Amino acid sequence: MKEITRKVIFGDKLGGKILGFPTANLRYYKKDKIKFGVWAILARDKNKKYKGVAFVGSSYIFGRKKPKIEVHLFNFRKNLYGKKINVKFVKYLRKFKKFNNTKSLIAQIEEDCKKARKYLTV
């Protein structure tokens with residue numbers, strides 16, 4: 001099980017503003033060797049543990065080519081900018097794919113979250 005600890009960096013806030021799924025953005029390094037796609041994850045900061053999903057790859061639909069890790073924590077709405085979080089990549093849910101519009105991307109994110117919740121409660 002791959003695990004990383006990183007400081008949350010500023011992103012474009014597209015996850016929260018456009019998609020309705022706010023994310024904590026983390027730098028991706030080639031040495032991480034984390035398979036691109038969507039993962040069910042467990043995360044923690046200094047005080048608490050969380051469940052969620054992570055996207056590893058490039059946000060082509062928004063014109064972003066540089067890979068990053070975007071972590072969406074379930075039932076979480078606090079500010080993590082500048083704080084370190086630990087992320088365990090528990091279950092690979094699906095490979096990376098491109099979307100033609102935000103509507104189809106949102107539908108897929110909803111499905112990814114449903115699968116991750118189901119897997120993480122087992």
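The values are calculated or read from the model by the stated rules, or taken from the named source; none is laboratory data. Keep in mind that what you see is a predicted model, and the values were worked out from it rather than measured. For neighbour counting, all protein chains shown are included, and Cβ atoms are generated from backbone atoms with ideal geometry for every residue, glycine included.
Structure summary
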| item | result |
| --- | --- |
| Any hit, the range 5-16, residues being at pLDDT 85 or above, under 20 Å from residue 110 (Cβ atoms) and either among the aliphatic types (A, V, I, L, M) or part of a loop (DSSP other than H, G, I, E, B) (or both) | no |
| Filtered residues of the range 28-41 (kept if surrounded by 18 or more Cβ atoms within 10 Å (Cβ to Cβ) and either in a strand (DSSP E or B) or not aliphatic (A, V, I, L, M) (or both)) | 28, 38, 39, 40, 41 |
| Residues (of a type outside the set (S, T, N, Q), assigned to a helix (DSSP H, G or I) and under 16 Å from residue 57 (Cβ atoms)) located in the range 88-110 | 105, 109 |
| Flag if residue 119 is in a helix (DSSP H, G or I), in contact (Cβ under 8 Å) with a residue 40 or more places away in the chain, over 18 Å from residue 20 (Cα atoms) and among the hydroxyl-bearing types (Ser, Thr, Tyr) | yes |
| Residue that is over 16 Å from residue 5 (Cβ atoms) and modelled with pLDDT of 90 or more, where the choices are 38, 87, 71, 56 | 38 |
